[in-house]
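One structure below.
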Amino acid sequence: LSNGEFIPPDGICWVSVLSCLLLACSYVGSLYVWRSDLPRDHPAVIKRRFTSVLIVSALSPVFVWTWKVYTGVMPGPSLLALMGIRFEGLIPAIILPLLLTMVLFLGPLIQLAMDCPWGFMDGIRVALDPWFWALCLRDMRWLRNQVVAPLTEELVFRACMLPMLVPCASPSTAMLTCPLFFGVAHFHHVIELLRFRQGTVSGIFLAAVFQFSYTAVFGAYTAFIFIRTGHLVGPVLCHSFCNHMGFPALSTALEHPHRLTILSCYLLGVLLFLLLLFPLTDPLYYGLPTPVCTLASVPSSLCIS
């Protein structure tokens, strides 16, 4: 530190990028240590992959610690705090980023409510029913999509990578770089689609390019939340919610009997999201400065209230 500002060591960017690349390869590679002729959605395959990704995720803080030792970076906050695991500002971090994401999905949520055969009170009763959650916890695909994938991916691709990327670039650059590792990591689905011949080669690659695009955009959004709030829990909850909602079905909305209302809600949701993006992620709610921002070598608007 010089005059209270962090000065990155020489060559830190190469070390940071290579560390992130190694971490991403370890995460994706762990999915393929098990040999199987079964598809990825088979419960046996999911259970084995749970084991390997949880091991890699548990070891991922070691990557950050090793990076810190090798580069000589000595941040003020603890390693856990840098990774967004802390108590200060926890309640706002649980509520506000998820609320912001739900605002963005206002159109799909209204569409879902219109098409749902249940009433509001029926939905509340189901949500409070322990048997409903017991059934969810027995469903391997639900566990993967709503719990394990959001937790492990946000831990590895946001909580571990951003503290290594922020010191060698501005937080804004790190926010845009980090999702590239996340997007490329999802290309492994191409291998399985080709292996089980689930579509034409051109169709599979077009789907992969589309998936890379929206996962990269989503990764930038959760990186933004992580940098602004300094918490891991917000990105994890937003990731789980988005996995549940899926990509907005605009084609279905255009054919809906109440399409004018639904499309208006789509537009309203986007406008409100843009208006609330910075106010609801104001670092003032989560404790200034957020730990990862203490590693920034240059001032950034992302770290300012």
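The values are calculated or read from the model by the stated rules, or taken from the named source; none is laboratory data. Computed from a predicted model, the values in this text were never measured in an experiment. With ideal geometry, Cβ positions are generated from the backbone for all residues, glycine too; neighbour counts draw on all protein chains shown. Quick note on the areas: whole protein, heavy atoms, side chains included, nothing else; ligands and nucleic acids left out. Shrake-Rupley method; radii C 1.70, N 1.55, O 1.52, S 1.80 Å.
Things worth noting here:
- Nearest-0.05 FRET efficiency for PHE87 and MET121, computed from C-beta distance (R0 30 Å): 0.30
- Note on surface exposure: LEU59, LEU302 rank LEU59, LEU302 by accessible area, highest first, 1.4 Å probe.
- Rg and Dmax of the range 73-133, both derived from C-alpha coordinates alone, stand at 18.4, 56 Å.
- Accessible-area composition of the chain, carbon plus sulfur, in percent [1.4 Å probe]: 72
- For the range 135-175, trypsin sites (Lys or Arg not before Pro) are listed when DSSP marks them as loop and at most 15 other Cβ atoms sit within 10 Å of their Cβ; the list is empty.
- Report summary: the helix-based calculation at 222 nm, which adds -39500 (n - 2.57) for every DSSP H run with n ≥ 4 and divides by the residues of the chain, gives -20000 deg cm²/dmol.
- Sparse-neighbour loop sites [chymotrypsin sites (Phe, Trp or Tyr not before Pro); the range 94-127; at most 12 other C-beta within 10 Å; DSSP]: TRP118
- Top of GLU154, GLU255, GLU88 by mean-square fluctuation, Gaussian network on the chain, Cα under 10 Å: GLU255
- Helix 90-104 axis, angle to the chain major axis (alpha carbon atoms, nearest 10°): 50
- Acute angle (nearest 10 degrees) that the helix 201-229 long axis makes with the longest principal axis of the chain, alpha-carbon atoms: 60
- Whole-Å distance, taken between Cα centres, linking the range 133-189 and the range 270-300: 19
- Residues of the chain: accessible area per residue with a 1.4 Å probe, Å²: 53
- Here the ratio of the Cα radius of gyration of the chain to 2.2 N^0.38 Å is 1.06.
- Per the chain, cysteines lacking a partner by the 4.7 Å Cβ criterion: CYS20, CYS25, CYS116, CYS136, CYS160, CYS178, CYS238, CYS242, CYS265
- Rolling a 1.4 Å probe over the protein heavy atoms leaves CYS303 with an accessible area of roughly 20 Å².
- Taking all protein chains together, ASP41, ASP282 sort by accessible area into ASP41, ASP282, largest first [probe 1.4 Å].
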